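A.B. asks: Before I ask anything, let me first share the structure, which is written out below as structure tokens.
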Amino acid sequence: MPEYFASLARSYNSLGAALEALGKTDLTIENLNKAIGIREKLVKDHPYAPDYAYELSRSYTSLGLTYGN
């Protein structure tokens, strides 16, 4: 089941990136926060799976860059 949630988070992250390219900052932030919420749970539930932590850090980076623009 974690693969499903990892894929869902990836989809939210990708949607956020597409929305940012369209200049829709509020929707970008909303989707990145959804991805972060899912990824935080994955990291909590699977602390020895480094890919989940890495992807969480990427989502936080994307969110930070969105706020910086």
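A.B. asks: Taking K and R as +1 and D and E as -1, what net charge do the other residues with C-beta under 13 Å from the C-beta of residue 10 add up to?
C.D. replies: Here the charged neighbours net out to 0.
A.B. asks: Can you divide the C-alpha Rg of the chain by 2.2 N^0.38 Å and report the result to two decimal places?
C.D. replies: On the way: Rg = 11.7 Å, N = 69, 2.2 N^0.38 = 11.0 Å.
Taking the Cα Rg and dividing by 2.2 N^0.38 Å, one obtains 1.06.
A.B. asks: With all protein chains present, how much of the accessible area of the chain (probe radius 1.4 Å) comes from carbon and sulfur, to the nearest whole percent?
C.D. replies: Values: 2710 of 4610 Å².
Carbon with sulfur: 59 percent of the solvent-accessible area.
A.B. asks: Where does the charge balance sit around residue 56 when Lys and Arg score +1, Asp and Glu -1, over other residues with C-beta under 14 Å from its C-beta? If you can, show how the numbers build up before the last one.
C.D. replies: Values: positive: 10, 34, 39, 41, 44, 58; negative: 40, 45, 51, 55.
Around residue 56, the charge tally is +2.
A.B. asks: From the helices alone, meaning DSSP H stretches of at least four residues, give me the mean residue ellipticity at 222 nm for the chain, per-run term -39500 (n - 2.57), in deg cm²/dmol to the nearest 500.
C.D. replies: So the calculated ellipticity at 222 nm is -30000 deg cm²/dmol.
A.B. asks: Let me ask another. Using +1 on the beta carbon of Lys and Arg, -1 on that of Asp and Glu, and nothing else charged, what's the dipole of the chain about the Cα centre, debye to 20?
C.D. replies: Working: 7 positive and 8 negative charges, 6 e Å.
My answer is approximately 20 debye.
The values are calculated or read from the model by the stated rules, or taken from the named source; none is laboratory data. These numbers were taken from a predicted model, which means no experiment stands behind them. Because the Cβ atoms are built from the backbone with ideal geometry, glycine has one as well, and the counts that use them run over all protein chains shown. Surface areas here come from the heavy atoms of the whole protein model, side chains and all, with no ligands, DNA or RNA. Shrake-Rupley method; radii C 1.70, N 1.55, O 1.52, S 1.80 Å.
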